[in-house]
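The values are calculated or read from the model by the stated rules, or taken from the named source; none is laboratory data. Worth saying up front: this structure is predicted, and the values here are computed from it rather than measured. All Cβ positions, glycine included, derive from the backbone under ideal geometry; neighbour counts span all protein chains shown.
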There are 2 protein chains.
Amino acid sequence: MNTYKVTFLPHNREIDASPGESLLRVALRAGVHVNASCGGEGVCGKCRVLIEKGHILEGVSERLSKEDAAKGYRLACLAKVDDDVSVRIPVESSIDASVLNKLGAPRRTATIHHMDFNSLKEQGLFIPPVDKIYLELSPPDAQNNMPDVTRLIEYLKLKANEHKLELTMQVIRKLPGVLREKDFKVTVTLVRPVRDDGKTLITDIQPGDTTSQSYAIAMDIGTTTVYGQLIDLASGECLGEYGDFNGQISYGEDVISRIMYAEKPEGRKKLQEVVVATLNKVIHEIVKQAKVGTENISTITLSGNTTMTQLLLDIDPRYLRRAPYVPASTMYPPFSGSSIGLEINDKVIALLYPVVSSYVGGDIVAGVMGSGMYRSEKLTLFLDIGTNAEIVIGNQDWLACTACSAGPAFEGGGVEFGMRAAKGAIEDFSLDPLTFEPMLVTIGDVRPKGICGSGLIIMTAVMLEMGVINNRGHFNRDLGTPRIRQNNGIWEYVLAWKDETQIDRDISLSEPDIDNLIRAKGAIYSGCMTLLEEVGLSMDMIEHIILAGGFGSYIDLDRAMTIGLLPEIDADRVTFIGNGSLLGARMSSLTNRIRKDVVEVTKKMTNFELSETPSYMSNYVAAMFLPHTEIEKFPRTKQRMEARKKSLQEAGKTVGSKSLN
Amino acid sequence: MNTYKVTFLPHNREIDASPGESLLRVALRAGVHVNASCGGEGVCGKCRVLIEKGHILEGVSERLSKEDAAKGYRLACLAKVDDDVSVRIPVESSIDASVLNKLGAPRRTATIHHMDFNSLKEQGLFIPPVDKIYLELSPPDAQNNMPDVTRLIEYLKLKANEHKLELTMQVIRKLPGVLREKDFKVTVTLVRPVRDDGKTLITDIQPGDTTSQSYAIAMDIGTTTVYGQLIDLASGECLGEYGDFNGQISYGEDVISRIMYAEKPEGRKKLQEVVVATLNKVIHEIVKQAKVGTENISTITLSGNTTMTQLLLDIDPRYLRRAPYVPASTMYPPFSGSSIGLEINDKVIALLYPVVSSYVGGDIVAGVMGSGMYRSEKLTLFLDIGTNAEIVIGNQDWLACTACSAGPAFEGGGVEFGMRAAKGAIEDFSLDPLTFEPMLVTIGDVRPKGICGSGLIIMTAVMLEMGVINNRGHFNRDLGTPRIRQNNGIWEYVLAWKDETQIDRDISLSEPDIDNLIRAKGAIYSGCMTLLEEVGLSMDMIEHIILAGGFGSYIDLDRAMTIGLLPEIDADRVTFIGNGSLLGARMSSLTNRIRKDVVEVTKKMTNFELSETPSYMSNYVAAMFLPHTEIEKFPRTKQRMEARKKSLQEAGKTVGSKSLN
């Protein structure tokens, strides 16, 4: 795809943009503020910008006077990039411009690290867990009438150097017929053992040469969503991919309510059935997409958290939510996929990712395996953020992990106008440093409905840096903007006025909302700290951060560090892996190395229960500030906050009457 | 049970008898001839004997004159032993007596070798394949909240020194609940691996202490009959035993007709279903007899011939009956009994005896294992005689085996008055050496209906020794008895006259009948010879004979040697093991040693196809005489035949006009 160059003036900041991208989004990415509070529908008319060079598509609405339009003004929210352009942001004065210029910086875009099959091969990690081998056996005669199974095994020993072989009963059953179907020319499917001293299992035999058709399925069973991929084991390609809501959602949103439902009569059975129904729907869809013969699928690798794992297998999960939080097992033996109701051929062997504890599940282990963290020399922090945050710290030699309850703030819960990351959610935000007018970008570029988790982080970070809130999340009451107000005794900042929204109410961010975010980020940060302290290390020693999970891929790294959710670290030392659970499932479909390693890795992952770790509470209290009680831990944020003060002083302005610290 | 002493005069032969045994049977066992052709119903009135001492029950009928009865005469077939008695057999002259005295000898009774659990223990062979271990685990707490499976395994390692453990999914599923049912006091069931490097499988966990309840099922799946035993693994005792006809009989009497039926559409499925239905009936019956909780049954061991094995597992048997006679497999992996339709708890692991070839099946391997032949230093001949005879020769170092078609003569087929060993079948026989009048004993002591296989052997042997037939099985036409006659051009001996039978026809033994027997015994004997020659040995080197199968336990050893079915060998070097298949299944239920050894033993059993062995035909032709072309191979029979001639000469009698050789 072509990109165009967009230059913002007076900042003189240049950035690449995609054709059709709105100028508002481009500006935000460039760290250039444009007042805009209607989310991009041209309703507020505030985002007037002047196109000085190049041409632009659209950007005209009734909120823009004909005069202005004729001069080259456009509404940034409606204007779409179609050329290299120079765009001037109207500012009140050159002082304003100089302030603007010192603050802000191009935004760091999260790029998801995709698994690379070729590098897997280059690293010698491609040890396929499934092999198909074509054989031309000699037919039996009076001198050589050994049993069919013996003939096959002897031949594999002699001609393919395959030893320690075992056949499933299904293969023995079809063997006599299949051998004779194409004159003893057959393709056998070999599934490699996980342990070096284990046996190679012959799971299928087909007439003729079918070696080019070998597939696997990888699935992530999330509490909310189930994702599946159909993988070509020859090329490593993903031939089909599909996600759908976990059917269990009707029986409870989170794992705790699922467990409670499972305790009801027939509840567990019901939950097992509906999640299997979802898996079947996803399998059906990816098989359809991939257009492959289902008889050539040999394995399915599944990963999910501990509750999802136990519910899938119909194992009572009640002890997961009761102290001392004991899961049934860490490892599960391979099983026939069809034995739990999966609608796949009955030769398909299902492998479930092992779990570590009640709250560090197979999804996390899969992430650790799939991301390669367990093979890294660097001290790595692995973080999967959702309602629960799972934290893994370590390297190739050791791994420590824990889970902490972050509360629902990151998913829009516990925040008055909070919502999931869906259309109409404010996902990005900027503030005019002098007028404190907002710049809103919503998912879908429509009028705002609420605030999603990533938007919440960005707003809080921007307000902190701008001195709009202090390190306890309290609003500066004296900024002289009507947007900061007291409403039923609660201080809040109005993001969008009633008539700019879809909900016919003012949308605001309040102090209790910010407090909720502080608790959430505090829980996670102090979880990381506690884990590090338990192994005698500290935050500044972290060399690499891996962010997993849907939320992880939307997060704005800088902002997350500003509020103290993540430690400050260079961007090139952060990797986003997206759905780590699915990545791990896919990786172990492709290489047996992961299947072998996971047994040891899971044993190595030492689980800490934060509630049993005395230092956790004091770390938590210390993390209940923005970014943290010890601001020295966040030098970049400290510097920015100081620069903001200085810049305002230089500009001869004061912002309100109260000190910002 | 008490026994009484019965002394026969003038032979002066003393023998023990059971209370209630008929004098006729006692006489036959003692080798004393009494004319009797009505099978024991007092119809012919020929078996008059004089009770000289002691008293006797019954023995009086209208065929005995009041005078005679008053003198102490009784009919031997009706007279029942109730005291020590002296019984005089009326003979024509002292010469007759002296002839009688020289011929005949007490009969060798077949005693079945029963498996002895204590000797198994003493020999160090009792390595139970299933262990139940009672554990008192410490409940989890905050400091020790490892997963339930880990807790169990760690405990088994530390407290029971159990390593390399694996759990079934069923056990993992019930673990959380069962552990907490009786405060972490549980009994686990461990199934030992067959290979030393294998894993011990935990197949069950029960609350509390159930170690005293541990059972296994052993089953023989015969073409005709299915036998099952329920075994107490603690004591080695058999708590229930039951046999029933294999439901497949309705679809064909022998394996060939079963295979043909299986080739019809849905035929194989039908045969699988009906044999499983029979197994279920037997299982149900032995469980009822044993009165044990089915949840405490852990394993089921099954053995059957190759066709029965493949039909049980729903594996196409068509190639078993087509050259080059290729079975699907020798070994089968363990499987869940319920997976093939067995109505037992789904934790029960089924083990199938391996087969050697299409016609040497798991029943024979089981016999070799159960009899201990494979551990013997002695050169042993193992023989299982039915429609097919399976032969195994060897010792602890090597084993050679084959199967030959003996035809149905031993089961009463191909013989005009042949019948299965059922009520009314003539099972024992003697001849008056001078008058050639018969002495018949039938199963159930009723009037005769026909001749069963063991009766056929005895008749042929007696007639050969008495000079009634020659070594080609032809009747001496000049003995001057009306019993030897030509009927529609065929020579025959009338065993019972029409009015003495149940079938209102003369029952006779004809030359073609004897010829059939000669072919059957010739096939088996030459099979043994050929096998021995192939390994460079000969018949006289055999140190031990093991006879298996229902027929094997009825066979009269002496007579079988006389006709040349078995080589001449001392009785104490012959062992009858009865149902060797069931014995082997039971043995391997009790000791893992057998399960481990069977893998190597099966590989060691070198199969010979007689049809592919050139010397077989000439050996067969040489064995088509009574006892054999080379009479020197049967010195005892030769000596008896010569003694018979001499004794007659000494008595100054000639028997007919033709020479007997």
Name the helices (runs of 4 or more DSSP H) wholly within the range A:548-613 that hold at least 3 residues that are within 21 Å of A:Leu399 (Cβ to Cβ)? A:580-590, A:592-604
Strands (runs of 3 or more DSSP E) wholly in the range B:337-439 with at least 3 residues that are in contact with a Cys (Cβ under 9 Å, 6 or more places away or on another chain) - which ones? B:380-385, B:388-394, B:425-431
If B:Asn488 satisfies all but one of (1) at pLDDT 90 or above; (2) buried (at least 23 other Cβ atoms within 10 Å of the Cβ); (3) not aromatic (Phe, Trp, Tyr), what's the number of the condition it fails? (2)
Which residues, counting only those in the range B:309-320, are farther than 18 Å from B:Ser339 by Cβ and out of contact with any Ser or Thr (no Cβ under 6 Å at 6 or more places or on another chain)? B:Asp316, B:Arg318, B:Tyr319
For the subset of the range A:29-41 comprising residues that are under 26 Å from the mean Cα position of the chain (by Cα) and surrounded by fewer than 24 Cβ atoms within 10 Å (Cβ to Cβ), which member is farthest from A:Asp83 (Cα to Cα)? A:Gly31
Does at least one position in the range B:479-491 carry a residue that is outside any helix (DSSP H, G or I) and either closer than 13 Å to B:Ile563 by Cα or touching a residue at least 60 places away in the same chain (Cβ under 8 Å) (or both)? yes
Boolean, B:Thr387 is in contact (Cβ under 8 Å) with a residue 60 or more places away in the chain, under 18 Å from B:Ile524 (Cβ atoms), touching a His at 6+ places or on another chain (Cβ under 8 Å) and more than 11 Å from chain A (Cβ to nearest Cβ): no
State yes or no: is A:Leu660 of a type in the set (A, V, I, L, M, F, W, C), out of contact with any strand residue (DSSP E or B) (no Cβ under 6 Å at 6 or more places or on another chain), modelled with pLDDT of 90 or more and not in a helix (DSSP H, G or I)? no
Answer yes or no: is there a residue in the range B:456-472 that is touching a residue at least 24 places away in the same chain (Cβ under 8 Å), more than 16 Å from B:Glu511 (Cβ to Cβ), not in a loop (DSSP other than H, G, I, E, B) and not aliphatic (A, V, I, L, M). yes
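Find the residue count for the range A:300-321, including only residues that are within 30 Å of A:Thr187 (Cβ to Cβ) and modelled with pLDDT under 95. First the steps, then the outcome.
We begin by selecting, within the range A:300-321, every residue within 30 Å of A:Thr187 (Cβ to Cβ); these are A:300-303.
Pick out the ones that are also modelled with pLDDT under 95 and you get none.
Adding up the residues that qualify gives 0.
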Residue match in the range B:432-449 (condition: surrounded by fewer than 19 Cβ atoms within 10 Å (Cβ to Cβ), small (Gly, Ala, Ser) and at negative phi): no
Here's a check for you: in the range A:285-322, which residue that is in contact with a Pro (Cβ under 9 Å, 6 or more places away or on another chain), within 14 Å of chain B (Cβ to nearest Cβ) and outside any helix (DSSP H, G or I) is surrounded by the most Cβ atoms within 10 Å (Cβ to Cβ)? A:Pro317
Any residue in the range A:580-589 that is closer than 23 Å to A:Pro635 by Cβ and at pLDDT below 95? no
For A:Glu343, indicate whether it is among the acidic types (Asp, Glu) and in the same structural domain as A:Ser298 (by TED's automatic domain parsing). yes
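Yes/no per residue for (1) in contact with a Ser or Thr (Cβ under 7 Å, 6 or more places away or on another chain); (2) closer than 17 Å to A:Ile133 by Cβ; (3) within 14 Å of chain B (Cβ to nearest Cβ):
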| position | (1), (2), (3) |
| --- | --- |
| A:Asp196 | no, no, yes |
| A:Thr223 | no, no, no |
| A:Gly240 | no, no, no |
| A:Asp254 | yes, no, no |
Collect the residues in the range A:553-577 that are touching a strand residue (DSSP E or B) at 6+ places or on another chain (Cβ under 7 Å) and within 28 Å of A:Arg644 (Cβ to Cβ), keeping them in residue-number order. A:Ile555, A:Leu557, A:Leu566, A:Ile569, A:Arg573, A:Val574
Being away from chain A (no Cβ under 14 Å) and farther than 18 Å from B:Ile577 by Cα is the requirement here; does B:Phe335 meet it? no
If you check B:Val392, B:Val326, B:Val348, B:Val355, which single one turns out to be farther than 24 Å from B:Lys521 by Cα and away from chain A (no Cβ under 14 Å)? B:Val348
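Inspect the range A:175-182 for any residue being closer than 18 Å to A:Gly337 by Cβ and at pLDDT 95 or above and give the result as yes or no.
No, the conditions are met nowhere in the range A:175-182.
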Return the residues of the range A:143-190 that are out of contact with any strand residue (DSSP E or B) (no Cβ under 7 Å at 6 or more places or on another chain), facing chain B (nearest Cβ under 10 Å) and either over 22 Å from A:Glu295 (Cβ atoms) or surrounded by fewer than 17 Cβ atoms within 10 Å (Cβ to Cβ) (or both); say none if nothing qualifies. A:Gln143, A:Asn144, A:Asn145, A:Met146, A:Pro147, A:Thr150, A:Arg151, A:Gly177
